[in-house]
Amino acid sequence: MENKLKEAEKDLLSKKTILTKEEYQKKSDDLRKKVIDYQSQKRASLDKIASQRAVARQKLLKKLDPILSNYIKDNNISLIVDKKTIILGNKDLDITNIIVEKLNKELPSLNLSQRGSSSLLRFSWTRRIDREGYASAIRRIDTGRAYDSWVYPPLEADFAPHFVDDDFGERHRFVIADDSDGWVLEYCPKDTDKPSIKGTITLARDTTFASVDWLFDTPEPVESAGGRALFKPILPGAVQLSHLLPAEAVTWRAVPAGDYLQSYQRYEDWKVAPGDSVPLLPLRRVTGGAGGVSR
């Protein structure tokens, strides 16, 4: 809508010399009214999102407090510290994912229609990949037993635009595997000194993304983790976002018991906050999130 208003303004300015003063004034007033209406709708939408987030945050904190209290009691520890206040520490003490998993069981469907993703957060993931590769070592606890594991970037969600970043292109080699109906590009890492990814990118005939598949390649423990993201086709006349954002996705990783932990997510819609490059995610059907904590 914002782009349409800008185009309408350009069009009106280009006709200023051929319109009568009365015609130009009338069209200018009409356009100004549309801009005011749009700004009003935008503010109402952002206010609604802020309200939903505030309610959901209160609900989350209400569930989080007893989870942390029980974890302190069950594991005989004295203090849990917000990770944001720590400059450097032992990664084995990071219990973020443990608490998140417990919180997911308590709130499997948090009533928050959208989840924000800031450009700063995506930049943080990009820097982490540059520093550590496509996986970071952590310790998890399952049924009372601790084990080594990995944390992976959210390529299936708001970090999917990474597949069209220059950083991704510079880190990988590409070859056309199939061009019979669109294109299937196979990609593999140029450097395997750090955890890496390999897989395929499927492009439709109009060269838009149809799907992306990836497998993580890490040192021990090998979790055979990976994922697949599907993207909506571009329909004639439909409003398109400027971001590469999936319509649905599935991820998986092996767990010590010999099984696989699989997560499927379907995104009803995506919105971009006006005036910023921040995609907002609809409700995650399977997983959720919480602030980082360390013990």
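Past 32 Å, Cα to Cα: identify those pairs from Lys34/Lys232; Lys48/Lys198; Lys33/Lys62; Lys15/Lys42, in the order given.
As for pairs spanning more than 32 Å Cα to Cα, those are Lys48/Lys198; Lys33/Lys62.
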Please list, ordered by chain and number, the residues whose modelled amide H lies under 5 Å from the amide H of Ala210; skip anything fewer than 5 residues away on the same chain. Thr202, Leu203, Ala204
Note: Tyr38 to Asp206 extended length (0.36 nm per residue) minus current alpha-carbon separation gives 57.3 nm
Suppose every K and R has +1 on its Cβ and every D and E has -1 on its Cβ; what is the size of the dipole of region 129-260 about the Cα centre, in Debye to the nearest 20? 260
Qualifying aspartates and glutamates (Cα of each under 14 Å from Cα of Lys26; at least 8 residues distant if same chain): Glu9
Computed FRET value (nearest 0.05) for Lys63 with Asp11, which takes r as the C-beta separation and R₀ as 45 Å: 0.30
Could you tell me how far the Cα centroid of region 56-74 sits from the Cα centroid of region 142-161, in Å? 21
Amide H of Lys232 versus every other amide H placed in the peptide plane: which residues, excluding those fewer than 5 positions away on the same chain, fall under 5 Å? Ala247
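Values in this text are rule-based calculations from the coordinates and carry no lab data. In this text, all values refer to a predicted model and were calculated from it rather than measured experimentally. Methodologically, a virtual Cβ is constructed for each residue, glycine included, from the backbone with ideal geometry; neighbour enumeration extends over all protein chains shown.
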